[in-house]
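First comes the structure, then the notes that go with it.
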Amino acid sequence: MANRASGSISVLDAASGDVLGAHVLPDNGEPMYVTATADGSRVFVGDRANSQVVVFDGNGYSVIGTVPAGAGVFHMWQDPDDRQLWVNNDIDNTATVIDPGSLTVIATVPMPADLVEAGYKPHDVVVDPTGPFAYVTLVGGETKDWVVQFNTHSFHEVKRAAVGLDPHVSLTSANKYLHVPAQNSDVVHVFQRRSLQLVTELAVPGAHGAAMSPDGSMFYTTNLPGGGADGLFAIDTASNSVIGSADTSFVVPHNVVVMPNGNLFVMHSGGTSDKVTVHAVSAGAPVPSEVVEVMVGLNPFGLAHVP
C-alpha cells in the first residue's frame with residue numbers, strides 16, 4: 001500500500017490487516033499506486049516525484065530497480081498475464097506502457113490530441129484481460145469527462161465515450177461490462193466495454209473508488225466526499241443494481257480493493273490521514289461490514305493484493 005505523504009509503502013496482512021512492515025522509496029519518492037505480478041514476485045509502485053516506477057522484490061521488499069515513466073505519474077494498472085503495465089502521466093498527457101518482465105518501456109502512448117487541446121488529462125486506467133484493450137479516463141471538463149479505449153497492440157485510440165465528471169474505471173473477466181464511477185456527477189455508468197455502448201446508469205453519491213470482487217460478482221465504489229456516511233456501495237454486476245451501502249469510521253474513503261479471502265480494504269486519504277479500514281464481504285453478505293481499523297503512513301493512496 002502506498003503512503004503518498006510518507007514516501008513509503010506499507011505491507012499489510014491480507015487476513016488480519018496487521019502491518020507487517022514499511023519500506024521507503026528511493027530518491028525521496030512520492031508513491032501513488034501499486035500493482036504486482038500474478039505470482040507476487042514483483043511489486044510496482046508509481047513514483048510521481050521522480051517520474052518513474054519503482055520495482056520491489058515481492059518477498060523481502062528490496063528495491064530491484066526503476067523504470068522511467070512520464071511526468072505526472074498517477075493511476076496504473078497491469079494485465080493479469082503480466083504482459084503490460086500501463087502508467088498514466090497527467091503532466092505529459094501520455095501513458096507509459098512497461099513490460100513487467102524485462103522492465104523496459106514498450107511504448108509511450110499520447111492521449112487524443114483534441115482532448116488534450118481542450119484541457120483534458122489522463123487519470124485512471126484499466127487493462128482488459130479478455131481483449132486487446134486498455135481504458136483510460138480523461139478528466140478536466142466542465143460538463144463531461146471521457147473514457148477512451150486504446151488498442152494494446154497498436155496503442156491507437158479505438159473508441160471513446162462521454163461520462164460524468166472525475167471518472168474511474170473497473171472491469172472483470174466474468175462479464176463484458178465496464179463500470180465507470182463518476183464522483184462529481186454522482187453516477188456509475190455501465191458500458192458494454194467492446195462497443196462502449198451505455199447499458200445503464202446508477203445513482204450513487206460521490207462515486208469514486210472502483211474495485212471488483214475476485215469472482216466479478218460484485219462491484220464496490222466509495223462515496224469519497226460523503227464524510228463516511230454511506231461510504232461504501234455494493235453493486236451486483238449481474239443485475240447492475242445497487243444492493244446496499246455501509247458507513248465507514250473515517251472520512252475520505254478513497255480507493256478500495258477486495259482480497260480473495262473476502263476482506264475489503266479502504267484507504268482513507270488526505271494529507272494527515274493514516275487510516276485504512278478493513279471490511280468483511282462474502283457471497284452471503286456482500287454489503288461490507290467494518291471489522292478493524294489499521295494505522296499506516298500518511299495519506300494512504302493506492303493498494304494492491306500481492307499473492
Sequence neighbours fewer than 8 away in the same chain don't count; with that in mind, list the lysines whose C-alpha is under 27 Å from Lys144. Lys121, Lys159, Lys176
Only one of the values [x] -1.00, -1.29; [y] -0.72, -1.39; [z] -0.86, -1.35 was calculated from this structure for log10 I(q)/I(0) by the Debye sum over Cα atoms at q = 0.12, 0.16 Å⁻¹; name its label. [y]
Along the stretch 297-306, what does the Karplus equation 6.51 cos²θ - 1.76 cosθ + 1.60 (θ = phi - 60°) give for ³J(HN,Hα), rounded to whole Hz, x for Gly and Pro? x, 7, 6, x, 10, x, 9, 9, 7, 9
Radius of gyration and maximum dimension Dmax of the stretch 150-230, Cα, Å: 13.2, 44
If R0 = 22 Å, then Ala174 and Val199, at their Cβ-Cβ distance, give a FRET efficiency to the nearest 0.05 of 0.90
Can you tell me how much longer the chain between Ser239 and Ser16 gets when fully stretched, taken as 0.36 nm per residue apart minus their C-alpha distance, in nm with one decimal? 77.1 nm
All other residues with a Cβ under 11 Å from the Cβ of Thr35 taken together, and with Lys, Arg as +1 and Asp, Glu as -1, what is their net charge? -1
Using the Karplus equation 6.51 cos²θ - 1.76 cosθ + 1.60 (θ = phi - 60°), what ³J(HN,Hα) coupling, rounded to whole Hz, does each residue of the stretch 181-187 give in order, writing x for Gly and Pro? x, 10, 4, 7, 10, 6, 8
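Restricting attention to the stretch 91-167, which GluC sites (Glu not before Pro) occupy a DSSP loop and are surrounded by at most 14 other Cβ atoms within 10 Å?
Glu142
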Separation between Cα centres of the stretch 107-139 and the stretch 207-277, rounded to whole Å: 24
Inter-part distance where the stretch 140-198 and the stretch 1-75 are each reduced to a Cα centre, Å: 26
Let me check I've understood the local charge: for Gly244, count other residues with C-beta under 13 angstrom from its C-beta, Lys and Arg +1, Asp and Glu -1. What total comes out? -3
So who's got an amide H within less than 5 Å of the one on Tyr177, skipping anything under 5 residues away but keeping other chains? H placed 1.01 Å off N, in plane. Thr172, Arg193
Neighbourhood net charge (15 Å Cβ-Cβ; Lys/Arg +1, Asp/Glu -1) for Lys144: -4
Would you please give the FRET efficiency between Asn28 and Ser249, computed as 1/(1 + (r/R0)^6) with r the Cβ-Cβ distance and R0 = 30 Å, to the nearest 0.05? 0.40
Using only alpha-carbon positions, what ratio does the radius of gyration of the stretch 164-307 give when scaled by 2.2 N^0.38 Å? 0.97
Using the Karplus curve 6.51 cos²θ - 1.76 cosθ + 1.60 with θ = phi - 60°, what ³J(HN,Hα) values do you get for each residue of the stretch 258-272, in whole Hz, with x for Gly and Pro? 10, 7, x, 7, x, 7, 10, 9, 10, 8, 9, 8, x, x, 10
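Here, each number is a calculation from the coordinates, and none is a lab measurement. In this text, all values refer to a predicted model and were calculated from it rather than measured experimentally. As a convention, Cβ positions derive from the backbone with ideal geometry for all residues, glycine included, and neighbour counts pool all protein chains shown.
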